[in-house]
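Taking it in order: structure first as structure tokens, then the write-up.
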Amino acid sequence: MLVSGSGSNLQALIDAARDDPEFGAEIVVVISDRSEAGALARARSAGIAAQVVDYTGDRTEFTRRICETTAGYQAEALVLAGFMRILSAEAIAMYPNRIVNIHPSLLPAFPGARAVQQALDAGVEVSGVTVHFVDEQVDHGPVIAQRSVMVHVDDDEVSLHARIQAEEHELYPRVVKALAAGRLQVQDGEVIWS
Ligand code: GRF
């Protein structure tokens, strides 16, 4: 898993792997570009290898070091959750349709780092969460699953993000389980669930 933040989605996946005997996926390593990421502590307390790969300003080189690390753990897919760096094309070539990301909006609306605030600023009544395969563009690629979340009139970024995250924590384990079971195929840019 690739993370930069608190790791609540990582925790949801750790819990699913522990509680669902049919989960079918193992988190073999958690990698962060930020040594202070709370996600690393969550990984370590779950007995999962946790590694920092520093971003030194060269995306290709950074991606190569990430891929060397994941290859060392025989990772079969990359699961991004709150990972604030963009991987270069080498990673996508190494893991074709095996890199997934979760984003707190109904893509293609509001890509980027401030998706929740952007949805509030735009005055939408419904926002939500998207899980998608990663391609070479930011917050872009075949959509695997989406869930909508109503925006309340008194919402701020914190309150809306909290309700979106509650959906994320249910949705992401379902998607990772389906990915591990080989139930997600991409045909003509569309994801087919089987
Ligand atoms: C999530 O809301 C995710 O959609 C976004 O970053 C946040 C990460 O949260 N990409 P966490 O680190 O999993 O708690």
Sole miss for A178 among (1) in contact with an Asp or Glu (Cβ under 9 Å, 6 or more places away or on another chain); (2) of a type outside the set (K, R); (3) more than 14 Å from L106 (Cβ to Cβ) is condition (1)
Matching residues in the range 1-54 (more than 13 Å from the ligand (Cβ to nearest atom), surrounded by 14 or more Cβ atoms within 10 Å (Cβ to Cβ) and of a type outside the set (A, V, I, L, M, F, W, C)) number 2
Among A71, A89, A77, A122, the single one that is away from the ligand (no atom under 12 Å from the Cβ), more than 13 Å from the chain's Cα centre (by Cα), closer than 23 Å to A50 by Cβ and small (G, A, S) is A71
The lone condition D155 fails out of (1) open to solvent by 70 Å² or more (accessible area, probe 1.4 Å); (2) acidic (D, E); (3) modelled with pLDDT of 95 or more is (1)
Screening H132, H169, H103 for residues that are touching a residue at least 24 places away in the same chain (Cβ under 8 Å), out of contact with any Ser or Thr (no Cβ under 7 Å at 6 or more places or on another chain) and within 30 Å of T69 (Cα to Cα) leaves only H132
- Task: Would you be able to say whether some residue in the range 23-31 is over 22 Å from S88 (Cα atoms), aromatic (F, W, Y) and outside any helix (DSSP H, G or I)?
- Result: yes
Residues of the range 114-138 being open to solvent by 40 Å² or more (accessible area, probe 1.4 Å), part of a loop (DSSP other than H, G, I, E, B) and at pLDDT 95 or above, in sequence order, are R114, G123, V124, E125
With respect to T60, determine if the residue is in a helix (DSSP H, G or I), away from the ligand (no atom under 13 Å from the Cβ), modelled with pLDDT of 95 or more and open to solvent by less than 10 Å² (accessible area, probe 1.4 Å). no
Worksheet item: Before we move on, is G189 away from the ligand (no atom under 15 Å from the Cβ), without any contact (Cβ under 8 Å) to a residue 12 or more places away in the chain and not acidic (D, E)?
Response: no
Conditions (1) within 16 Å of M84 (Cβ to Cβ); (2) out of contact with any strand residue (DSSP E or B) (no Cβ under 8 Å at 6 or more places or on another chain) -> A122 fails only (1)
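The values are calculated or read from the model by the stated rules, or taken from the named source; none is laboratory data. These numbers were taken from a predicted model, which means no experiment stands behind them. All Cβ positions, glycine included, derive from the backbone under ideal geometry; neighbour counts span all protein chains shown. What goes into the accessible areas is simple: the full protein's heavy atoms, side chains included, and nothing from ligands, DNA or RNA. Shrake-Rupley method; radii C 1.70, N 1.55, O 1.52, S 1.80 Å.
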